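For reference, the structure is listed below as structure tokens.
The values are calculated or read from the model by the stated rules, or taken from the named source; none is laboratory data. Note that this is a predicted model, so its numbers are computed, not measured. Here the Cβ positions follow ideal geometry from the backbone for every residue, glycine too, while neighbour counts run over all protein chains shown.
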Amino acid sequence: MPRERVVIIGSGPAGLTAALYAARGSLNPVLVEGLEAGGQLMYTTAVENYPGFPGGGVQGPELMAAMRKQAEDFGTRFLQGDVSQVELQKRPFTLHFADGRRIATDSLIIATGASARWLDIGSDRKLSGHGVSTCATCDGYFFRGKPIAVIGGGDSAMEEAIYLSRHASRVTVIHRRDTLRASKIMQEKAFKNPKIEFIWDSEIAQVNDVERGEVTGLTLRNLKTGALSDFTVDGVFIAIGHTPNTKLFKGQIDLDENGYILTQSGTKTNVPGVFAAGDVQDHHYRQAVTAAGSGCMAAIDAERYLEGLPEEDEATNDAACAAT
């Protein structure tokens, strides 16, 4: 079974930045990019708020390709495939792949991200990046002076609506119930905002218009009467939460009540030698630049951890690994 110094799981901004720094630190990192490489930016069109790209920004896939090449140029090795199981009870840690492969590593950086929850109606995913978004701070600027809708009723939805009211001509919150789930203070802020309106007891039956490749409006279904109606907007922001990709690690490292990895003193988890970076441990900022920053931190933390390992401990683990 191959033995590595550091393995990174995840190939978004956090994982690729961690790989870049680990490679420059002569750790010869392995990055597992999974079957869907690149993270959420692969589904984003223009990224205008990532530093260093004036004059219209950069396309999400283009940014990720550049970050991947930079990490590769410094010596990062890439593995395709999905990790199906991890063993973190003892070092070296062991990663099992769905195809039967196994690798061992002295340190692990988890950068598996979080997946936005969608409406499961099909048209929302098809128009992602073309009028449908899950990130107001990423894409709100593109809807200056335009009417938009926010889907959801929790704190995240109210935060998105309030932020978007700075850019849009009108923000309409569409919620399945007749009351919000958001905290009272967030409700009060939203209700007092003159640019925010509400449509109650309704769900999205369809995002229009997939054939045109852009959002022209919504078909709404009233959940009390079943009646359908059309509602004109230029953009839709889905704010029904995110799911951290931490299923692999449950029961082995500490997670918060929502499943996000708990970190301390930077990117350290409760398991020495295991670090977490990006949206998998950050449910507050969720930006490409903050994910990249935490990826840098994780690589530095891993390097310092490895420097502190006693040589005899490494030799013992090498022999145990070779025997398996």
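Okay, here's what the table says:
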quantity	calculated
Flag for residue 71 being within 21 Å of the chain's Cα centre (by Cα) and surrounded by 15 or more Cβ atoms within 10 Å (Cβ to Cβ)	yes
Filter result for the condition that a residue is part of a loop (DSSP other than H, G, I, E, B), of a type outside the set (Lys, Arg) and crowded, with 18+ Cβ neighbours inside 10 Å, over 112, 105	112
Residues (buried (at least 24 other Cβ atoms within 10 Å of the Cβ) and in a helix (DSSP H, G or I)) located in the stretch 147-158	157, 158
Of residues in the stretch 183-192 being within 30 Å of residue 123 (Cα to Cα) and surrounded by 15 or more Cβ atoms within 10 Å (Cβ to Cβ), the one modelled with the lowest pLDDT	186
Any hit, the stretch 129-146, residues being more than 21 Å from residue 209 (Cα to Cα) and surrounded by fewer than 18 Cβ atoms within 10 Å (Cβ to Cβ)	yes
Residue within the stretch 34-55 that is without any contact (Cβ under 8 Å) to a residue 40 or more places away in the chain and assigned to a strand (DSSP E or B) present	no
Strands (runs of 3 or more DSSP E) (entirely within the stretch 199-289) containing at least 3 residues that are not polar (S, T, N, Q)	202-208, 217-222, 228-231, 235-238, 274-276
Lone qualifier among 131, 113 - being over 26 Å from residue 248 (Cα atoms) and either modelled with pLDDT under 90 or of a type in the set (Gly, Ala, Ser) (or both)	131
Some residue of the stretch 164-174 being more than 25 Å from residue 121 (Cβ to Cβ), out of contact with any helix residue (DSSP H, G or I) (no Cβ under 6 Å at 6 or more places or on another chain) and of a type outside the set (D, E, K, R)	yes
